[in-house]
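What follows is a single structure, written as structure tokens, with notes after it.
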Amino acid sequence: MTTTIIGYPRIGEHRELKFATQKFFKKRISAAELQQTAKELRLRHWNVVKDAGIDQIPSNDFSYFDNTLDAAFLLNIVPKRYKDLGLDGLDEYFAIARGYQGDAGDVKALPMKKWFNTNYHYLTPEFDQDTQIKLYGSKIFDEFSEAKSEGILTRPVIVGPYTLLRLGRFLDGKKPADFTADLIKAYSEIIEKLEGLGAKWIQIDEPALVYDQTPADRDLFKQLYDDILPNKGGVKVLLQTYFGDLRDSLDLVTSLDFDGIGLDFIEGRKNLEVLDDVKFPADKILFAGVINGKNIWKAHYAKVLSTLEAIKQRTDAKVVISTSCSLLHVPYTLRNETKLPDSKKKYLAFAEEKLAELHDIDAIVASDLNNPAYTANVALFSKPRYEENKELNAKIAALTDADYTRTPARAERLKIQKEEFKLPELPTTTIGSFPQSRAVRQNRSKLRKGEITREQYDQFNEEETKRWIKFQEEIGIDVLVHGEFERNDMVEYFGEHLNGYIFTENAWVQSYGTRGVKPPIIWGDVSRREPITVATSVFAQKQTDHIMKGMLTGPVTMLNWSFPREDISRELSTKQLALALQEEVLDLEKHGIKIIQIDEAALREKLPLRKSDWYSKYLDWAVPAFRLVASKVQPTTQIHTHMCYSEFGDIVKAIDDLDADVISFEASRGDLTLLDALQKNHFETHVGPGVYDIHSPRIPSEQEIIDVIHKILSKIPADHVWINPDCGLKTRDEPEAKASLINLVNATKVVREELANENK
Ligand code: GLN
Ligand code: ZN
């Protein structure tokens with residue numbers, strides 16, 4: 001058999017690209033120096049893949065920022081406002097990616113969105129009346145030639161036209177059909193040019209095929225490729241898909257003249273069933289994604305082999321062994337994890353180790369099951385990895401409806417809470433964190449390096465909390481927060497106090513641009529080892545007569561921003577997390593915390609890509625998991641939740657079903673259209689639509705905020721509304737954060753006054 005991968009991590013094992021890029025942005029190194037670092041990384045990575053024995057090696061999977069932007073840039077899908085800056089090459093590219101403010105002008109970045117169901121962000125291509133698609137950049141050609149001159153013949157990768165159109169934003173009344181002819185021409189030229197440079201294969205990524213396909217979608221896909229593929233000449237074209245199955249398009253794609261089709265057999269497990277219905281032609285090559293490109297567990301070779309066997313039973317086509325998606329979504333290597341014991345590491349595989357797995361599988365298929373790599377793997381999986389917490393799982397199995405149901409009903413509770421808290425109309429609050437200033441970060445790093453004691457560390461954070469409580473009191477915020485100074489990260493911090501979690505030192509995964517996140521790993525059954533936030537919240541509450549809001553990360557977000565287990569269901573893991581958090585909630589309540597916010601920043605991110613799976617595969621357990629956390633509190637305890645996005649118009653019902661008392665969400669960047677959806681669905685949860693954007697350093701004026709509040713009040717009854725920023729303030733500077741909050745409180749006071757006058 002042959003082996004390949006869909007793409008490889010590009011920032012470098014020590015995040016070299018991130019550091020070089022940051023230096024370049026600060027003008028501490030030149031473009032040439034940045035390009036040199038990039039080149040070294042590309043060469044290193046090609047060689048690593050090659051030396052691991054992988055047969056087909058991709059190129060152009062490298063990016064300075066994002067591959068979707070790379071494709072748009074190559075095709076001249078660059079909005080006029082960026083062209084008008086008159087910048088060249090890399091500068092223009094970064095202006096689109098990050099916005100530009102300088103001598104040439106002032107433009108915002110293109111909007112960023114989550115790439116399918118991952119935490120990686122792509123830049124949304126924008127199509128408008130000025131868009132003229134044609135070959136513009138040369139990156140894909142340059143990188144192919146660069147590898148070739150090093151003696152490595154690669155398979156250039158590009159995001160396909162169909163996915164670009166599906167992900168694109170269309171302005172000026174334009175629609176996808178207006179661009180198909182030019183896209184066909186441009187992709188044909190790209191293939192032709194690559195052939196001229198000596199390419200044998202090219203890989204076109206069309207992950208948008210794993211969404212639900214309408215007949216019109218299928219027509220669009222067919223129209224594009226019916227006209228591109230006749231121009232492929234001697235180059236073979238691999239159509240690559242990932243993150244799901246082709247249940248409604250495999251018949252179509254196999255009928256077209258692709259030479260290879262890449263299918264995901266991990267998240268797209270259903271592809272096996274699809275292959276029962278649609279015969280995969282024997283004259284095409286099936287690239288089988290059998291090694292998980294998203295998760296960090298060592299592959300269970302017997303299972304991989306049985307998947308390959310199942311594929312072979314369904315087709316006579318030649319099979320290439322591949323990953324389920326680009327390895328971009330896993331950390332680089334286990335080699336740099338010095339603190340994890342071997343007893344743990346032997347169960348893990350990051351990108352580099354996954355290359356070895358592909359090679360092993362290939363070797364095992366070619367030899368027999370006496371292959372040492374196979375016997376070692378069988379031995380590893382023959383023993384349990386950890387000891388199950390039977391008591392916990394029995395408890396979960398015994399949960400009944402009552403455990404997921406809070407009483408009395410929300411309307412009743414909200415009345416009781418109103419009596420209890422006596423908050424003013426339009427109560428003001430913030431989302432939790434205050435600026436993680438240099439001093440706050442230094443304090444943490446000193447503790448880590450052992451330069452200060454735990455007591456000194458806590459004391460610094462307490463002083464910071466006191467200072468910010470005083471500020472909140474002075475300006476007149478109604479429900480206070482302690483500021484979250486003790487948290488490095490909203491998931492890792494909780495994980496550190498739970499049984500069942502393990503942590504890495506260097507396992508960064510790209511999130512946006514060259515920035516990464518370092519998700520912790522859910523290793524075993526999760527339970528609360530000790531109180532997590534109780535001491536901090538109680539300390540903060542003692543400093544003030546106002547209500548101090550407790551602050552937790554919700555179970556679904558804990559799961560979604562960790563590497564999940566594969567030996568038990570996500571549902572069970574999330575319920576374990578929910579029970580651990582339930583203990584924390586009850587503990588907070590017992591210690592006098594009256595309002596508790598349970599953040600679900602990542603709830604929407606893992607919504608299945610196909611709508612038909614939303615409830616059956618996700619919301620039907622994610623929503624109950626949240627409810628479980630809060631179901632046992634007194635009616636006088638108010639439960640808040642927070643979500644960092646406003647695109648939940650289509651799951652408004654599910655959000656209301658969380659049965660929280662209050663929800664805050666991002667709204668300031670959208671046009672508040674969600675409010676219509678809330679109104680239409682008779683949304684019962686009280687709401688704090690963020691009244692200003694915390695992602696920008698801009699300070700919103702009092703009048704601006706008044707206008708937003710007016711808009712909110714035109715859709716939502718005043719006694720359901722809270723006033724708050726749209727997310728935590730940890731990334732902001734102190735002066736900005738303070739100035740904005742002062743305007744927020746003053747704006748609220750003005751509107752309260754207006755309401756009082758209306759009611760006279
Ligand atoms: N409570 C968290 C904070 O304020 C919420 C962060 C988030 O929504 N991502 O930082
Ligand atoms: Zn948020």
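For the range 587-665, what is the relative contact order in percent, using Cα pairs closer than 8 Å and at least 6 residues apart in sequence?
Once normalised by length, the contact order is 40 percent.
Expressed as a fraction of 2.2 N^0.38 Å, the rule-of-thumb size for a compact globular protein of N residues, what is the C-alpha radius of gyration of the range 678-760?
Rg over 2.2 N^0.38 Å, computed on Cα atoms: 1.14.
If you look at just the Cα atoms of the range 94-137, how large are its Rg and its Dmax in Å?
12.9, 38
Can you give the Kirkwood hydrodynamic radius of the range 506-594 from its Cα pairs, in Å with one decimal?
Over the range 506-594, the inverse of the mean reciprocal pair distance is 14.9 Å.
Wrap a convex hull around the Cα atoms of the range 152-275, take a quarter of its surface area, and give that in square nanometres.
About 8.1 nm², averaged over all directions.
Round to the nearest 10 and give me the degree value, 0 to 90, for the angle of helix 454-475's Cα axis relative to the longest principal axis of the chain.
On a 0 to 90 degree scale, this one is about 60.
Could you give the dipole magnitude of the range 513-581 about its Cα centre, charging the beta-carbon of Lys and Arg +1 and that of Asp and Glu -1, in debye to the nearest 20?
200 debye
What value does the range 311-464 have for Rg/Rh, both radii from Cα atoms and Rh as Kirkwood defines it?
Taking Rg over the Kirkwood Rh, I get 1.16.
Would you tally the net charge around Tyr374, using a Cβ to Cβ cut-off of less than 11 Å, leaving Tyr374 out, and scoring K and R as +1, D and E as -1?
For residues surrounding Tyr374, the net value is -2.
For the range 170-228, evaluate the Debye formula with one uniform point scatterer on each Cα (no solvent term) and list log10 I(q)/I(0) at q = 0.14 Å⁻¹, rounded to two decimals.
For the range 170-228 at q = 0.14 Å⁻¹, log10 I(q)/I(0) is -0.50.
Hey, could you get me the Stokes-Einstein D for the range 65-197, Kirkwood radius over alpha-carbon pairs, 25 °C and 0.890 mPa s, rounded to whole µm² s⁻¹?
Approximately 157 µm²/s, per Stokes-Einstein.
So what's the projected area for the range 470-559, the Cα convex hull averaged over all directions, in nm²?
7.6 nm²
Treating cross-link reach as a plain straight distance, find the lysines whose alpha-carbon is under 17 Å from the alpha-carbon of Lys339, omitting any fewer than eight places away in the same chain.
List returned: Lys449, Lys518.
Between Val750 and Arg448, what is the label-point separation in nm under the 7 Å Cα-to-beta-carbon projection?
Taking the simple label geometry, Arg448 and Val750 are separated by 4.3 nm.
Give me a comma-separated list of calculated 3J(HN,Hα) values for the range 555-568, in order, Karplus coefficients 6.51, -1.76, 1.60 applied at θ = phi - 60°, integers in Hz, x for any Gly or Pro.
Ordered by residue, 3J(HN,Hα) equals x, 6, 5, 4, 5, 5, 9, 10, 7, x, 6, 10, 8, 10 Hz.
Counting just the Cα atoms, what span does the chain cover along each of its three principal axes? Round to the nearest Å and put the largest first.
79, 63, 54
Rg over Rh of the range 204-347, using C-alpha atoms and the Kirkwood radius, what does it come to?
Ratio of gyration radius to Kirkwood radius: 1.04.
Where the eigenvalues come from the Cα gyration tensor of the range 1-145, what are the semi-axes √(5λ) of the equivalent ellipsoid, largest first, in whole Å?
28, 19, 14
In debye, nearest 20: dipole of the chain around its Cα centre with unit charges on the Cβ of K, R (+) and D, E (-)?
Here the size comes out at about 1160 debye.
How high is the relative contact order of the range 414-531, in percent, counting Cα pairs under 8 Å that sit 6 or more residues apart?
Normalised by residue count, the contact order of the range 414-531 is 23 percent.
Modelled label-to-label distance, Glu496 and Ala439, 7 Å Cα→beta-carbon offset: nm?
Spacing of the two 7 Å Cα→Cβ label points: 2.1 nm.
Which one, Asn336, Leu85, Ala351, projects farthest toward the positive side of the charge dipole computed for the chain from Cβ point charges (K/R +1, D/E -1)?
The one lying farthest along the dipole's positive direction is Asn336.
Viscosity 0.890 mPa s, temperature 25 °C: Stokes-Einstein D of the range 585-742 from its Kirkwood Cα radius, in µm² per second?
147 µm²/s
Would you work out which of Ala52, Ala31, His14 lies farthest towards the positive end of the dipole of the range 9-85? Charges go on Cβ: Lys and Arg +1, Asp and Glu -1.
Ala31
Could you work out the Rg to Rh ratio of the range 622-706, with Rh taken as the Kirkwood radius (inverse of the mean 1/r over all Cα pairs)?
My calculation of the ratio gives 1.01.
So what does log10 I(q)/I(0) come out to for the range 554-646 at q = 0.12, 0.17, 0.18 Å⁻¹, using the Debye formula with one equal point on every Cα and no solvent?
Debye intensities relative to I(0), on a log10 scale: -0.38, -0.73, -0.81.
Enter the angle in degrees (range 0 to 90, nearest 10) between the Cα long axis of helix 16-25 and the first principal axis of the Cα atoms of the chain, meaning the one along which they spread out most.
70 degrees
Nearest 0.05, what FRET efficiency do Ala216 and His710 give at R0 = 25 Å with Cβ-Cβ as r?
The formula returns an efficiency of 0.05 here.
May I ask you to give the average projected area over all directions of the convex hull of the Cα atoms of the range 316-362, in nm² rounded to one decimal?
4.1 nm²
Which residues' amide hydrogens lie under 5 Å from the amide hydrogen of Gly516, considering only partners 5 or more residues apart or on another chain, with H built in the peptide plane?
Ser511
Non-local amide H neighbours of Met551 (under 5 Å, H modeled in plane, Pro and chain starts lacking H): which ones?
Counting only residues 5 or more places away or on other chains, the set is Gln597.
Between Glu192 and Gln703, what length comes free when the chain is fully extended (0.36 nm per residue of separation minus the Cα-Cα distance, one decimal in nm)?
Between Glu192 and Gln703, full extension yields 178.3 nm more.
Compute the helix-to-body angle for 438-448: its Cα long axis versus the longest principal axis of the chain, expressed 0 to 90° and rounded to tens.
The answer is roughly 70 degrees.
Sequence gap at least 6, Cα distance under 8 Å: using those rules, report the relative contact order of the range 129-222 to the nearest whole percent.
Contact order relative to length: 43 percent.
With label points built 7 Å along Cα→Cβ from the Cα atoms of Asp251 and Thr673, find their separation and express it in nm.
3.3 nm
Read-outs: derived from the displayed coordinates by stated rules, not from any lab. None of the values given here were measured: they were computed from a predicted structure. Glycine gets a Cβ as well: all are built from the backbone with ideal geometry, and neighbour counts include every protein chain shown.
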